[in-house]
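Read through the structure below, which is laid out as structure tokens, and then see the notes.
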Amino acid sequence: MVYLTRLEHFNAAHKLYNPGWDREKNEAVFGKCANENWHGHNYELHVTIKGDPDPDTGFVFDVKRLGEIIREHVIEKLDHKNLNLDVDFMRGKQCSTENLAVGIWNELQQHLPADICLHLVKLYETPRIYVEYLGP
Amino acid sequence: MKKVAVFRREHFNAAHRLFNPAWDDGKNAEVFGKCSNPHYHGHNYELVVKVVGVPDPDTGYVMDMKVLSAITAEEVLARFDHKNLNLDTEFFRDLNPTAEHIAIVIYDLLRARIDQGLELRVRLYETERNFVEYPA
């Protein structure tokens, strides 16, 4: 079994805000991340798949194709966007890094070939903050 | 007189959009592309402040880095961190918040607080691969 990782990046605006709470409670819980007018990040995305190298190609999967799938189904939807307003798969969800990693996993799962096993979505919100999702 | 450069690195996260109010949406989209998204996008900005001078004979310091850190926090981070540069700051109401303009604004804010006998230069990273420096 070999693990293969592809790195991509995107820039986006967001805010952390629970519409079920009043402004005061949102600020108490989320602090400056609840700023009404948004803030933003340079996100870095690591996608890891696993499998046995194909005997003919030596590849777990064509990494160029993996990059295309990530860009077409994830980066296109997120890059230079407002995560709260512009992204179909985050609608109605809290735009935390945790939830975004789960959302990215679900998007990729739908578009990767059935025989490709997704292993890890690792998402950096800043160089010092990241989350990992290994699937349901 | 042996001059030495000292550097302080800081970071802040902010949302922005590139927009020239003198142009219509079509022209803004044409010139600024996805950077002009009306719902904003965002970055992890990294700021490097460079101060050049001769070390003080008593302290051995070009400038006390704790003081430089406090000035940068007050003048820059308090204004820009977790903010929308277009909406939440006074500087970019009529000035396009490109990395170039942000660097000039930061330089002017810091210049007013740092001993005129010391040289100052700021480098601002909008992403790891896009950065600007002022004065050039």
Within the group A:ARG91, A:ARG71, which residue is among the charged types (D, E, K, R) and farther than 27 Å from A:GLY20 by Cα?
A:ARG71
Filter the range B:78-96 down to the residues that are more than 9 Å from chain A (Cβ to nearest Cβ), touching a His at 6+ places or on another chain (Cβ under 6 Å) and either under 11 Å from B:ASN13 (Cα atoms) or in a helix (DSSP H, G or I) (or both) and list them by number.
B:LEU85
Selection from the range B:116-132 of residues within 21 Å of A:ASN11 (Cα to Cα) and either more than 14 Å from chain A (Cβ to nearest Cβ) or in contact with a strand residue (DSSP E or B) (Cβ under 8 Å, 6 or more places away or on another chain) (or both) yields B:ARG123, B:LEU124, B:TYR125, B:GLU126, B:THR127, B:GLU128, B:PHE131, B:VAL132
Which one is farthest from A:ASN42 (Cα to Cα), of the residues in the range A:7-25 that are out of contact with any Leu (no Cβ under 8 Å at 6 or more places or on another chain) and surrounded by 13 or more Cβ atoms within 10 Å (Cβ to Cβ)?
A:TRP21
Considering A:ALA101, A:ALA114, which residue is farther than 27 Å from A:LYS15 by Cβ and away from chain B (no Cβ under 14 Å)?
A:ALA114
So, in the range B:116-136, of the ones that are acidic (Asp, Glu) and assigned to a strand (DSSP E or B), which residue ends up nearest to B:ILE71 (Cα to Cα)?
B:GLU119
Only one of B:ASN13, B:ASN44, B:ASN28 is in a helix (DSSP H, G or I) and within 14 Å of another protein chain (Cβ to nearest Cβ). Can you tell me which?
B:ASN28
Assigned to a helix (DSSP H, G or I) and at pLDDT 95 or above, is that true of A:LEU118?
no
Within the range A:54-70, work out how many residues are surrounded by 10 or more Cβ atoms within 10 Å (Cβ to Cβ) and closer than 17 Å to A:MET1 by Cβ.
6
With respect to B:ARG113, is the statement that it is at negative phi, outside any helix (DSSP H, G or I) and within 14 Å of another protein chain (Cβ to nearest Cβ) true?
no
Within the range B:54-75, identify whether any single residue is at the interface with chain A (Cβ under 10 Å from one of its Cβ atoms), surrounded by 13 or more Cβ atoms within 10 Å (Cβ to Cβ) and either in contact with a helix residue (DSSP H, G or I) (Cβ under 9 Å, 6 or more places away or on another chain) or closer than 29 Å to A:GLU27 by Cα (or both), and answer yes or no.
no
Please name all residue pairs, on different chains or six or more residues apart, with Cβ atoms under 7 Å, provided the first residue is in the range B:92-103 and is in contact (Cβ under 8 Å) with a residue 60 or more places away in the chain and the second residue is outside any loop (DSSP other than H, G, I, E, B).
B:PHE92/B:LEU85; B:PHE92/B:ASN86; B:PRO97/B:HIS16; B:PRO97/B:LEU85; B:PRO97/B:ASN86
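The values are calculated or read from the model by the stated rules, or taken from the named source; none is laboratory data. Just so it is clear, the model here is predicted, and its values are computed rather than measured. Every residue, glycine as well, gets a Cβ built from its backbone with ideal geometry; the counts of neighbours run over all protein chains shown.
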